[in-house]
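The values are calculated or read from the model by the stated rules, or taken from the named source; none is laboratory data. Quick caveat, the model's predicted, so the values are computed rather than measured. Quick reminder, even Gly has a Cβ in these numbers, built from the backbone with ideal geometry, and neighbours come from all protein chains shown.
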Ligand SMILES: Cc1cc2nc3c(=O)[nH]c(=O)nc-3n(C[C@H](O)[C@H](O)[C@H](O)COP(=O)(O)O)c2cc1C
């Protein structure tokens, strides 16, 4: 069973990708998950142009079904990232996806320029953070023209590095946003960022548990939402833009479902905390067992499989 594939000129040993923000910006942890944990690629947390403070604790609360986070995208800026990414690149056991974020269209382009010297294999543009808003008070991912202008601004400086736009599920039509970004030059999409926001209340104090009151929802509860969003984006772009399907993936069968919906790669975030740093290897082993039982020889046979079955009906 072959799990590897080459996408936009980059070879991935397997489809699993460490999702952004889960293990911060630390070369030693990336090495751990890529060299020993089986991750097919690593994504950095979102990098800002300048140092950015996050929210005060408590910022994360988790149950078996969902995690709520309002870390507030803290970051020390590109200078600090440079050291860690440099250390990772010295060995680079798996491709590197560098995720960027900004508070204006202009600064998305400047941040992209600041991280390009780190030799990312892909740039991932986080326009979907629930805590970061454009001048109209909405995340950039909630407006097709705004999402398209961020895409065009980053593409204008990215050169040959493929640009993936990270979309939000919190929109009426993710298809409309994806089409606008594709028209503006997006090479691929990461689908989805956290959903919501949601809230959890402590019964004793009768107060929201998170200091920010609300936070983005991740984990198993958002998988059906993520699968539907991946399927919508795949259909909206005629399967022409590779998708990193992310949201609630914990098992090999979850990953297969993402591929059938249209993903080429599968992001794993919250499950790292639930199943450990080796979750990538576990997911790959489970995918292989499923494929062997189904007589699938190559993982790429599965990509968009649901759409093919529907079109034959
Ligand atoms: C604590 C935490 C921090 C995150 N930080 C980022 C981030 O910096 N940039 C980003 O694009 N997504 C960030 N995400 C979103 C994840 O990359 C992912 O899209 C989301 O959690 C859904 O996947 P999952 O259910 O596998 O966790 C974060 C998620 C969590 C739980």
Quiz item: Which residues, taken from the range 152-176, are within 18 Å of residue 109 (Cβ to Cβ) and more than 16 Å from the chain's Cα centre (by Cα)?
Solution: 152, 153, 154, 155, 156, 157, 158, 159, 160, 161
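Identify the residue in the range 67-89 that is in contact (Cβ under 8 Å) with a residue 60 or more places away in the chain, more than 14 Å from the ligand (Cβ to nearest atom) and crowded, with 16+ Cβ neighbours inside 10 Å and, among all such residues, is nearest to residue 33 (Cα to Cα).
Once the filter is applied, the top-ranked residue is 88.
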Practice problem: With the condition kept exactly as written, say whether any residue in the range 115-124 is in contact with a helix residue (DSSP H, G or I) (Cβ under 7 Å, 6 or more places away or on another chain), under 24 Å from residue 229 (Cβ atoms) and at pLDDT 95 or above. | Solution: yes
Exercise. Tell me, please, whether a residue that is in contact with a strand residue (DSSP E or B) (Cβ under 8 Å, 6 or more places away or on another chain) and away from the ligand (no atom under 16 Å from the Cβ) can be found in the range 90-109.
Key: yes
Quiz item: Consider residue 99 against the criteria (1) touching a helix residue (DSSP H, G or I) at 6+ places or on another chain (Cβ under 8 Å); (2) under 16 Å from residue 50 (Cα atoms); (3) assigned to a strand (DSSP E or B): it satisfies all of them except one. Which criterion is unmet?
Solution: (1)
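Rundown of residues vs (1) part of a helix (DSSP H, G or I); (2) farther than 15 Å from residue 22 by Cβ, yes/no style:
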{"residue": "233", "(1), (2)": "yes, yes"}
{"residue": "239", "(1), (2)": "no, yes"}
{"residue": "244", "(1), (2)": "no, no"}
{"residue": "253", "(1), (2)": "yes, yes"}
{"residue": "256", "(1), (2)": "yes, yes"}
{"residue": "263", "(1), (2)": "no, yes"}
{"residue": "301", "(1), (2)": "yes, yes"}
{"residue": "308", "(1), (2)": "yes, yes"}
Exercise. Could you grab me the full set of residues in the range 177-206 that are in a strand (DSSP E or B), within 17 Å of the chain's Cα centre (by Cα) and at pLDDT 95 or above?
Key: 188, 189, 190, 191, 195
Quiz item: Out of the residues in the range 110-131 that are surrounded by 18 or more Cβ atoms within 10 Å (Cβ to Cβ) and either assigned to a strand (DSSP E or B) or at positive phi (or both), which is nearest to the ligand (Cβ to nearest atom)?
Solution: 126
Practice problem: Return the total of residues in the range 207-231 being assigned to a helix (DSSP H, G or I) and either more than 14 Å from the ligand (Cβ to nearest atom) or surrounded by fewer than 24 Cβ atoms within 10 Å (Cβ to Cβ) (or both). | Solution: 7
